[in-house]
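Written out below as structure tokens is the structure these notes cover.
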Amino acid sequence: MKLDQSAALLARAQQIIPGGVNSPVRAFRSVGGTPPFIARGEGCRFHDVDGNTYIDYICSWGPLILGHRFPPVLDAIRDVLDVGTSFGAPTEREIELAEEIRAAAPSCEMLRLVNSGTEATMSALRVARGFTGRELTIKFEGCYHGHVDSLLVKAGSGMATLGIADTAGVPPGFANTTLALPYNSVEALEAAFRERGDQIAAVILEPIAGNMGCVLPSPEFLAALRALTQKHGALLIFDEVMTGFRVAFGGAQQLFQLRPDMTTFGKVIGGGLPIAAYGGRADIMSRVAPAGNVYQAGTLSGNPLAVSAGLAMVRHLKAHPEIYTQLNEAATRICAAGEGVEGVTINRCGSMFTFFFHPGPVNSWDDAKSCDTARFRDFHRHLLERGIYFPPSQYEAAFLSAAHDAEAVETTAAAISAFLHP
Ligand SMILES: *Cc1c(COP(=O)(O)O)cnc(C)c1O
């Protein structure tokens, strides 16, 4: 595989952008080799600057659930170009998107649009602290909630990929406001509430983890989360930036029939443009300025371009619920290619999944971190050389889109099979 142009661009990028990338996992540090620089995408594929074509299983890390250049999203963007891309004044579209999100996730009685998942979780935490008058938050090891200072404690995603436990630049005073507990541990959660229950403002989690690879919550864990937060007056925050409109139209909360106090969204709700949202119970969200005394703002928040792309995406998904069935079937087919292989555990929820090079089970970061990352690296390379672009990290979920047709799925399954059943 020729990557000469990409190699030249990487060298040039490294002179001006740290590591040559604008988000760490893109750099391929954990799998080695040159990261292909992408020139364009179409449907389930993208093409790099050297002319290689790949079936895309990152889908922009989740947002592109309908594939690249999905026509209704492009049309929506084109319409906005005729009226203006940002006003810094309210528009009707923002209400429409908020109403669509509330219809999908009724626990969000009110919500606010922001520009990134990081902003959404940061703002949700501030509101939770303002509302409860408490400071402590509980998060779970291996969960990633964006690069919010106080949440970069034992975080997944790029930090897991690069083996960074805690980042420089976060004062201990911030990190100390967070308790990081093992995912799926009811005992750890009970102990934390027993010891500090009256100080805990919120428990935030990925209701299905994707940022340590795909890890599912046990029913007991979910039940304990809801019961303990309720009992101690803490807020339960579902970070559905990845799972929202991905694992089901109504996200993980629909799948699990569980009503969190607050929710964050991102990724899919922007149709590939930068947008995110946080919302929750009306009594909590009424505390956000100018309605209340918790300040949060944004120059480009709710801009027509991102809102219209998001609306087109969400409305298409709403009108086509069969997409979730199709995604489920395609993901099942791909995962089946690796079933029954010794030393490989496959976790999946809907169209997000991870092949863990681990005898399993993988239910927490402690489990995930002992994966055979050298074997994952070989797996990743094997697929890339066959034109299949999987996330370049053991600790990221792969994503499917509705544009992945039978041919793409079968090609992928065959390549996986060839590696795992040589
Ligand atoms: C991607 C992600 C974020 C951060 O979103 P950005 O838009 O990258 O800031 C937060 N939480 C979860 C669960 C995510 O997957």
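The values are calculated or read from the model by the stated rules, or taken from the named source; none is laboratory data. None of these values were measured; they are calculated from a predicted model. Neighbour counts run over all protein chains shown; Cβ positions are idealised from the backbone, glycine included. Heavy atoms of the whole protein, side chains included, go into the accessibility calculation; ligands, DNA and RNA do not. Shrake-Rupley method; radii C 1.70, N 1.55, O 1.52, S 1.80 Å.
Descriptive notes on the structure:
- The stretch 1-146: C-alpha pair distances exceeding 24 Å, %: 55
- Per-residue accessible area (protein heavy atoms, 1.4 Å probe) orders GLU141, GLU342, GLU190 as GLU342, GLU190, GLU141, starting from the largest.
- Potential lengthening between LYS318 and ARG40 on full extension [0.36 nm per residue; Cα-Cα distance subtracted]: 97.3 nm
- When each of the peptides 78-88, 276-286, 322-332, 101-111 is scored by the mean number of other C-beta atoms lying within 10 Å of its residues, the order from highest to lowest reads 276-286, 101-111, 322-332, 78-88.
- Between SER123, SER60, SER23, the GNM of the chain built on Cα springs shorter than 10 angstrom shows SER23 fluctuating the most.
- The stretch 130-205, relative contact order in percent, only Cα pairs under 8 angstrom and at least six apart counted: 44
- Net charge over other residues, Cβ less than 12 angstrom from the Cβ of GLY51 (K, R count +1; D, E count -1): -1
- Whole-number D in µm²/s for the chain (Stokes-Einstein; Kirkwood sum over Cα pairs; 10 °C, 1.306 mPa s): 73
- A compact globular protein would have a Cα radius of gyration near 2.2 N^0.38 Å; the ratio found for the stretch 38-84 is 1.31.
- Three-way shape call for the stretch 215-354 based on the alpha-carbon gyration tensor, with the a/c threshold at 1.5: oblate
- Cα-based Rg and Dmax for the stretch 360-407, where Dmax is the largest Cα-Cα distance (Å): 12.9, 37
- Length-normalised contact order of the chain in % [C-alpha pairs under 8 Å, at least 6 apart]: 23
- Under-5 Å amide H pairs with PHE140, H placed in peptide plane, nonlocal only: LEU181
- Rounded to the nearest angstrom and listed largest first, the equivalent-ellipsoid semi-axes of the stretch 330-422 from its Cα gyration tensor are 20, 15, 12.
- Average projection, convex hull of the Cα set of the stretch 106-186: 6.7 square nanometres.
- Ranked by the mean number of other Cβ atoms within 10 Å of their residues, highest first, the peptides 309-321, 195-207 come out as 195-207, 309-321.
- Measure of compaction for the stretch 71-319 (Cα Rg per 2.2 N^0.38 Å): 0.98
- Dipole orientation for the stretch 1-125: of the candidates LEU9, VAL83, ALA124, LEU9 has the Cα lying most toward the positive pole (charges on Cβ; Lys, Arg +1; Asp, Glu -1).
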